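A short write-up of the structure that comes next.
The values are calculated or read from the model by the stated rules, or taken from the named source; none is laboratory data. Just so it is clear, the model here is predicted, and its values are computed rather than measured. Here the Cβ is made from the backbone with ideal geometry for all residues, glycine too, and neighbour counts use every protein chain on show.
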Amino acid sequence: MLLFPVLLATSFWYTQSVPVQTPEMQARMKGTSARMSCQLEGNHIVHWYRQLPGEPPKRILYGSAGTPVFEDSNDRNRFQVRSDPARSMHSIDINSLTPRDSGTYYCAYWKYHRISSVFGSGTKLIVSGKFSPPANSEILQKKHEDQIVYVCLIEKFYPEVIRVTWIKDGEEVTDNVVKGDTWQSTEEDEYSIASWLTVPAESEDKKYYCKYEHEEENILLETQVSETVLPLIAYRSKSL
């Protein structure tokens, strides 16, 4: 007699909606604005939270009958929420950013009559009064037996939020790609990052591009045919 309730609960568990947030990270200058999006299937009240390092998430607002309800009335003038039911898309805009707005923002909804919550993956926001584009960016390569390893090296930028992808024929390449974490010099405030792409040796004549997006910059670097030795990259990758 308990089989049907168990199956029903199991079915509900596996079909629950999980919020999908974009972008994963973003950096903004002080005084500008930022937008974070959340795609959520179903008819749910969306809650927005902010989490500071070392602290639990704290709710900023939630939507009720299309009207946002704020935990702090002072946020009403700077935070705006938007919903597009046709696309199951929700977003939050933050205006007049200050460094205190930095943190990880989550969209979520409550289920089981508020017994539990389902959170998205979060969007990390960094607000700074400083912006430095990469001082150096290049692609190095090394042929090894029947493979070619390309390394996209991007150095000395701030803040650390950056997106690095590999492109071929206008499409993003995801196979055989390894992206390192950003690292920071102990003597400087800037960050660096490297991304590796491995391709068959017979693809040597094909054009691959390393694309990086940092603040307002969108730069494409083209692979070269000449071979470059990579001991410096191997050393730096160990410090990631």
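Remarks
- Identity of the residue in region 164-178, of a type outside the set (Phe, Trp, Tyr) and surrounded by 15 or more Cβ atoms within 10 Å (Cβ to Cβ), that ends up farthest from residue 127 (Cα to Cα): 168
- Filter pass, residue 102 being small (Gly, Ala, Ser), under 26 Å from residue 189 (Cβ atoms), in contact with a strand residue (DSSP E or B) (Cβ under 9 Å, 6 or more places away or on another chain) and touching a residue at least 12 places away in the same chain (Cβ under 8 Å): yes
- Look at region 69-95: where a residue is assigned by TED's automatic domain parsing to the domain that holds residue 50 and modelled with pLDDT of 90 or more and a partner is of a type outside the set (S, T, N, Q) and part of a loop (DSSP other than H, G, I, E, B), sitting 6+ places away or on another chain with Cβ atoms under 7 Å, you get 88/40; 88/41; 90/40; 90/46; 94/78; 95/78.
- Applying the criterion of being touching a strand residue (DSSP E or B) at 6+ places or on another chain (Cβ under 9 Å) and outside any strand (DSSP E or B) to the residues of region 141-174, the residue that is nearest to residue 214 (Cα to Cα) is 162.
- Any pair with Cβ under 7 angstrom, 6 or more apart, that starts in region 37-52 at a residue that is assigned by TED's automatic domain parsing to the domain that holds residue 71 and of a type in the set (Ser, Thr, Tyr) and ends at one that is in a loop (DSSP other than H, G, I, E, B) and modelled with pLDDT of 90 or more: 49/57
So that you can scan it fast, the table gives a plain yes or no per residue for (1) more than 18 Å from residue 155 (Cβ to Cβ); (2) within 23 Å of the chain's Cα centre (by Cα); (3) at pLDDT below 90:
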{"position": "193", "(1), (2), (3)": "no, yes, no"}
{"position": "196", "(1), (2), (3)": "no, yes, no"}
{"position": "204", "(1), (2), (3)": "yes, no, yes"}
{"position": "207", "(1), (2), (3)": "yes, no, no"}
{"position": "212", "(1), (2), (3)": "no, yes, no"}
{"position": "215", "(1), (2), (3)": "no, yes, yes"}
{"position": "227", "(1), (2), (3)": "yes, no, yes"}
{"position": "230", "(1), (2), (3)": "no, no, yes"}
{"position": "237", "(1), (2), (3)": "no, yes, yes"}
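- Selection from region 122-138 of residues that are closer than 20 Å to residue 52 by Cα, out of contact with any Leu (no Cβ under 9 Å at 6 or more places or on another chain) and surrounded by 15 or more Cβ atoms within 10 Å (Cβ to Cβ): 122, 123, 124, 126, 128
- For beta carbons closer than 8 Å, sequence separation of 6+ or different chains, a first residue in region 189-205 that is in the same structural domain as residue 175 (by TED's automatic domain parsing) and assigned to a loop (DSSP other than H, G, I, E, B) and a second that is among the hydrophobic types (A, V, I, L, M, F, W, C) and surrounded by 13 or more Cβ atoms within 10 Å (Cβ to Cβ), the qualifying pairs are 190/157; 204/148.
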